[in-house]
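Below: one structure, written as structure tokens.
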Amino acid sequence: MSEVCIIGTGRYIPEEQVTNEDLSSLVDTTDEWIRTRTGIQTRYIATNENTSHLAAKAAKKAMINAGISEKEIDLIIVATMTPDGAMPSTACLVQHYLGAHQAACFDLSAACSGFIYALSVATQFLKTSLYNCALVIGAETISKVMNWQDRSTCVLFGDGAGAVVIQQSQEKGIESIYLGSDGRGHDLLQCEGWPLQNPMHRRELFKKATEGVFPKMTMKGKEVFQFALKRVPYCIQKVLEEGDYGVEEMDHIILHQANDRILESVAKKMKIPQEKFYSNIHRYGNTSAASIPIALDEMREQNILQKGEKLILVGFGGGLTWGAILLTW
Ligand code: COA
């Protein structure tokens, strides 16, 4: 079994910045409410780009950072809950934009845990030596499934993409992985699929389809908050146990960026100094599968991550899904 290391990171954020004030002209909300409940100040929205465009731009930067050419990429996985369409996969479009023609490509759907799931899957392909080098991307244009009249969700999310290049290595890299799901919580966070459009289907659904009702995100915020407070510490504990580490040996903990209050509660509950948790939610809002690779890229760029340091990445979200990865940088 080979070791697997992250050798490059990249991010791409669309240009259009939307402030809390901007949103207060759209729905009944205030900057103060959004800041105090979530920590969010701004988010970015794609106005003329789709998920594949954001993903390809983040991926290109990660490849440059890794010093890898498109010919060396064996596998591309795009974690997204907002693909460009049902077919082709967003990963195939990314492959086309990058010219990485020999890569196997597919999308992975695990909502805000998507990047953790995708990195786990790609790692298995490399550990077993089926592939040598993979692009793992988290990319979202959540703005296209947002209900812009629902103040309880539209203030929380943003668009963006983050990517990592991983490669087989002699050195220690990704060490422990833990993933979990609970479909009983499917209705806590959802964005219904396209309604059936065949004329044999039940009348009301057919009507919905012909009226052009598109799926919009809904969320039971309080329940999701409670779920995160319970699951995130459990995820951290699981990867620590698997790697036989104590929490004090960890240098950085990178949670999916959903809400600063979740981060603060987890830090307090697990008695981990809050400085070990990276936060950029004030800038981007919740970018779902993109949030962890965006954070990793910022941390690398700012020299916050030093070689040999121990990191835990934790995702959680719709499904319900959750997961963590412990790695040496
Ligand atoms: N602006 C102003 N008021 C708002 C609002 C907004 N954007 N959104 C909701 N409210 C109102 C509610 O209608 C409610 O009013 P009411 O008491 O008159 O009914 C009031 O604020 C309190 O709402 P509540 O849901 O109790 O707030 P909260 O403290 O639970 O915070 C969330 C709401 C969404 C910020 C919080 O539940 C949360 O962060 N949940 C997790 C969401 C998440 O991270 N999801 C993604 C996970 S991957």
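A few points about this structure:
- The helices (runs of 4 or more DSSP H) found entirely in the stretch 1-95 that carry 2 or more residues being in contact with a strand residue (DSSP E or B) (Cβ under 7 Å, 6 or more places away or on another chain) are 51-66.
- All conditions in (1) without any contact (Cβ under 8 Å) to a residue 40 or more places away in the chain; (2) more than 16 Å from the ligand (Cβ to nearest atom) hold for I6, with the sole exception of (1).
- Residues in the stretch 135-157 that are surrounded by 17 or more Cβ atoms within 10 Å (Cβ to Cβ) and within 12 Å of the ligand (Cβ to nearest atom): 8 in all.
- Among the residues listed as L229, L255, the single one being assigned by TED's automatic domain parsing to the domain that holds I292, surrounded by fewer than 22 Cβ atoms within 10 Å (Cβ to Cβ) and not hydroxyl-bearing (S, T, Y): L229
- Number of residues in the stretch 287-305 that are farther than 15 Å from R11 by Cα and either crowded, with 19+ Cβ neighbours inside 10 Å or touching a helix residue (DSSP H, G or I) at 6+ places or on another chain (Cβ under 6 Å) (or both) equals 1.
- Exactly one residue out of P195, P199, P215 is crowded, with 18+ Cβ neighbours inside 10 Å, modelled with pLDDT under 95 and more than 16 Å from the ligand (Cβ to nearest atom): that is P195.
- Residue within the stretch 37-46 that is crowded, with 23+ Cβ neighbours inside 10 Å, more than 16 Å from I294 (Cα to Cα), of a type outside the set (A, V, I, L, M, F, W, C) and at pLDDT 95 or above present: no
The values are calculated or read from the model by the stated rules, or taken from the named source; none is laboratory data. Keep in mind that this is a model prediction, so the values were computed, not measured. Backbone-built Cβ (ideal geometry, glycine too); neighbour counts: all protein chains shown.
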